[in-house]
1. Restricting to DSSP loop positions (anything but H, G, I, E, B) with no more than 13 other Cβ atoms inside 10 Å of their own Cβ, which GluC sites (Glu not before Pro) remain in the stretch 12-116?
2. I'd like the projected area of the stretch 156-245, averaged over all directions, using the convex hull of its alpha carbons. Report it in nm² with one decimal.
3. With only alpha-carbon atoms counted, please give the Rg and Dmax of the stretch 7-92, in Å.
4. Efficiency by 1/(1 + (r/R0)^6): what FRET value for Tyr239 and Val177, r their Cβ-Cβ distance, R0 = 35 Å, to the nearest 0.05?
5. List, in order, the whole-Hz ³J(HN,Hα) value for each residue of the stretch 67-77 obtained from phi through the Karplus relation with A = 6.51, B = -1.76, C = 1.60 and θ = phi - 60°; use x for Gly and Pro.
6. Mind putting together the pair-distance distribution for the stretch 186-288? All Cα pairs, 5 Å bins, whole percent per bin, short to long.
7. So for the chain: antiparallel DSSP bridges make up what percent, rounded to the nearest 5?
8. Pull out the extension gain between Tyr125 and Thr161, defined as 0.36 nm times the separation in residues minus the alpha carbon to alpha carbon distance; nm, one decimal.
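Coordinate-derived values only; no laboratory data. Bear in mind that the values here come from a model prediction, so they are computed numbers and not experimental data. Cβ placement follows ideal geometry from the backbone for every residue including glycine, while neighbour counts extend to all protein chains displayed.
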Amino acid sequence: MLQQTQVKTVIPYFNNFTKKFKTLRSLSKSNEKEILKMWEGLGYYRRARNLLACSKELVNKYNSQLPNKLEELKKLPGIGDYTSNALLGLVHNKPTLALDGNVKRVFSRILNIEEKKINFDKLIYKNKENLFNTNRNADFVEALMEFGAMKCKPKDPNCLTCCLNNSCKYFKSNKKVKNLRKKMVKNKDYDIFCYINKKKQIALAKNNQISFLKNFNMPKIKESNDSIRIQDWKFLKSYKNSISNLRLNIKIYYKFSNKIPSSYSWYSLEKNKEFIPNFTKKIFRQVSTLF
Ligand code: SF4
């Protein structure tokens, strides 16, 4: 839940989630509909789907035990390099590091070398005697992440009170390393066509062709294209929406109609039992201004 989401946003979700699913087995018996509803509002819904799939696999194939080998962990849904190392360290106390952005920055500063010029695998291997010289590997994994987030922060690191400033090359150097992270932002234009009715309902379906919105309930959505016939639709509003590195320029069109294509179903603009992603909820808010 904490990947890409702030702690204060996550806390109520986490509390609800752990209250409902007290064991791995109870989570594995759930279904996507239920999990997505509980995740509603957190975004990055692939995480929720992977968590559910992962719990099922752990219960069915691994007797509810988390594997303690990197290769086995990486076979689980949604578990990549970073997460598998974090799990090995935090759960199994294995000598490893979870290299997130914070940890990489700490090493980069201590050495005063740009992150992208550091071969982290080699660095860890060469220094394993020093890095893992206690049996508190789990604490070390956690401590390094916290150190990067709270002390050696992205901006204004607290060097004067840092216990490493005696040996830190960044602190001593007049030419301090900079790690610029440029996000490649893509702009896309979409037209969204909403069937609505007088009961404050909107027609949604899961059959759109937009890769990052596949499997989500959506009105009809198309990449903007001059050749699309829009004369039957009324223009409502244009607005911007960001999803990850995508900047979306959206135009909403609407039509009051009681007839909808067979793949669509009516949903209330106000409250739904079914999971509705944030992207669709923003459309709801725009369309609600018509009533
Ligand atoms: S001295 Fe400053 S730059 Fe070096 S590790 Fe400490 S906080 Fe980071």
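1. Details: sites: Glu32, Glu34, Glu40, Glu57, Glu71, Glu72, Glu114, Glu115; in loops: Glu40, Glu114.
Loop-located and lightly packed - Glu114.
2. Details: hull surface 47.1 nm².
Averaging across all directions leaves 11.8 nm² for the Cα convex hull.
3. Here Rg and the maximum Cα pair distance are 13.1, 35 Å.
4. Taking R0 as 35 Å, the efficiency between Tyr239 and Val177 is 0.30.
5. These are the phi-based 3J(HN,Hα) values: x, 10, 10, 4, 4, 5, 4, 5, 7, 6, x Hz.
6. Histogram of Cα-Cα distances, whole percents per bin: 2, 12, 25, 27, 21, 9, 3, 0.
7. 65 percent
8. Gain on stretching Tyr125 to Thr161: 10.0 nm.
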